[in-house]
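Data first, discussion second: the structure below is written as structure tokens.
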Amino acid sequence: MTDATLSAPGPRSALRQLCRDQRVWLTSALILAVLAAYDLGQAADSALFAGRALLNTAPFLVLSIAIAAGAGATGADNLIARAFTGAPFLMIALGALAGGISPFCSCGVIPLIAALLAMGVPLSAVMAFWLASPIMDPSMFVLTAGVLGLDFAVAKTLAAIGLGLLGGLVVLLLSRSGALANPLREGIGNGGCGGARVRAPKPVVWRFWEEPERRAKFAKTALTTALFLAKWLTLAFILESLMLAWIPAETVTAALGGEGLVPIVTATLVGVPAYLNGYAALPLVGGLIDRGMAPGAGMAFLVAGGVTSIPAAMAVWALAKPQVFALYIGLSLVGAFASGLLFQLWTMA
């Protein structure tokens with residue numbers, strides 16, 4: 001028996017590897033299969049929901065995948081990484097401000113975050129954008145002002161920017177101590193070499209399609225990134241559809257009534273796994289505020305739910321290493337509670 005024979009994987013080993021590589025797709029298929037066995041209608045609804053959600057997210061996916069693949073193929077990722085050096089506080093401030101006015105939801109921002117981190121953009125600036133982006137956008141501002149009032153809309157925008165600044169500064173301090181050097185999981189981008197260091201400069205070749213090796217790199221990066229994002233977002237959207245179907249909105253929001261600190265704490269904890277998107281949550285929170293819920297609790301619920309709904313948290317878990325995921329959730333909790341408390345104090349002044 002030759003060394004090659006000894007080292008070659010057997011059929012069982014190859015099958016196990018295939019299952020590991022495809023476990024997310026298999027999980028989605030298993031959920032739909034179990035649903036079909038017990039409730040065919042819900043299985044169809046969940047599949048259609050996931051399909052529509054992926055189509056709605058597709059423009060963001062295509063754009064970010066093209067940016068990431070193009071940056072790698074041309075070598076422009078080095079320029080982008082170098083642009084984020086030398087002024088960390090300014091980059092954090094710009095990231096938080098851009099996030100507060102960008103039109104990204106908590107799931108839609110994930111592919112852009114993957115592209116930025118894979119390019120070597122420091123995690124501190126990315127985290128500022130990451131936390132602020134899902135909370136507010138121009139259309140959300142207008143709708144929030146119409147449903148909850150202009151004061152609430154302005155306060156929510158400031159909460160988004162403030163949460164981004166908080167997250168960016170905390171990550172910057174941790175990064176300077178040597179932590180969070182490799183934020184991405186292995187196999188995402190280039191293995192997560194961004195964040196704490198800028199890669200060695202290489203010449204940029206903008207007409208990458210003229211070189212076979214660069215064309216191949218573009219195609220490989222685009223395909224790998226697309227498949228990774230598609231499988232995780234598909235599973236997330238299927239789970240979101242089940243939460244929408246099986247958990248009445250009133251069940252989540254009924255626990256948020258009352259006054260004092262307790263409702264703000266409760267709203268923060270309930271908001272983290274909340275399945276409601278920002279638009280659907282507004283009238284429900286508005287109704288509860290009309291019935292006596294503390295405005296600070298409403299703010300905490302909207303901020304926490306906007307940043308870390310279960311589908312979005314799953315996407316973050318798939319993308320980032322566990323310590324970055326834990327930090328993301330922790331910052332969301334602290335920021336949502338602080339936003340609710342400050343807004344409550346402001347309304348009482």
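The values are calculated or read from the model by the stated rules, or taken from the named source; none is laboratory data. Nothing here was measured: the structure is a model prediction, and the numbers come from that model. A quick note on method: Cβ atoms are made from the backbone with ideal geometry, for glycine too, and the neighbour counts reach across all protein chains shown.
One line per residue, one yes/no per condition, for (1) out of contact with any Cys (no Cβ under 7 Å at 6 or more places or on another chain); (2) at pLDDT 85 or above; (3) under 17 Å from Ser241 (Cα atoms):
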{"site": "Tyr38", "(1), (2), (3)": "yes, yes, yes"}
{"site": "Gln42", "(1), (2), (3)": "yes, yes, yes"}
{"site": "Ser46", "(1), (2), (3)": "yes, yes, yes"}
{"site": "Thr57", "(1), (2), (3)": "no, no, yes"}
{"site": "Leu61", "(1), (2), (3)": "yes, no, no"}
{"site": "Ala66", "(1), (2), (3)": "yes, no, no"}
{"site": "Leu79", "(1), (2), (3)": "yes, no, no"}
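The single condition among (1) closer than 30 Å to Phe218 by Cβ; (2) modelled with pLDDT under 80; (3) out of contact with any Phe, Trp or Tyr (no Cβ under 9 Å at 6 or more places or on another chain); (4) of a type in the set (Gly, Ala, Ser) that Gly120 does not satisfy is (3). Only one of the numbered conditions (1) assigned to a helix (DSSP H, G or I); (2) farther than 15 Å from Trp130 by Cβ is not met by Val303, and that is (2).
If the condition is being of a type in the set (Asp, Glu) and under 14 Å from Ile238 (Cα atoms), then segment 28-73 contributes only Asp45. Within segment 125-148, if we keep just the residues that are surrounded by fewer than 24 Cβ atoms within 10 Å (Cβ to Cβ) and among the small types (Gly, Ala, Ser), the residue that is farthest from Tyr328 (Cα to Cα) turns out to be Gly146.
Per-residue answers, yes or no, for (1) at pLDDT below 75; (2) surrounded by 22 or more Cβ atoms within 10 Å (Cβ to Cβ); (3) more than 22 Å from the chain's Cα centre (by Cα):
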| site | (1), (2), (3) |
| --- | --- |
| Leu256 | yes, yes, yes |
| Tyr275 | yes, no, no |
| Val285 | no, yes, yes |
| Pro322 | no, no, no |
| Phe343 | no, yes, yes |
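Do you know which residues across segment 22-46 are in a helix (DSSP H, G or I) and either under 25 Å from Ala222 (Cα atoms) or under 19 Å from the mean Cα position of the chain (by Cα) (or both)?
Initially, segment 22-46 is screened for residues in a helix (DSSP H, G or I), giving 23-38, 40-46.
Selection gives Arg23, Val24, Trp25, Leu26, Thr27, Ser28, Ala29.
Could you grab me the full set of residues in segment 149-190 that are at pLDDT 85 or above, of a type in the set (A, V, I, L, M, F, W, C) and farther than 14 Å from Gly335 by Cβ? Across segment 149-190, the qualifying residues are Leu150, Phe152, Ala153, Val154, Leu172, Leu173, Leu174.
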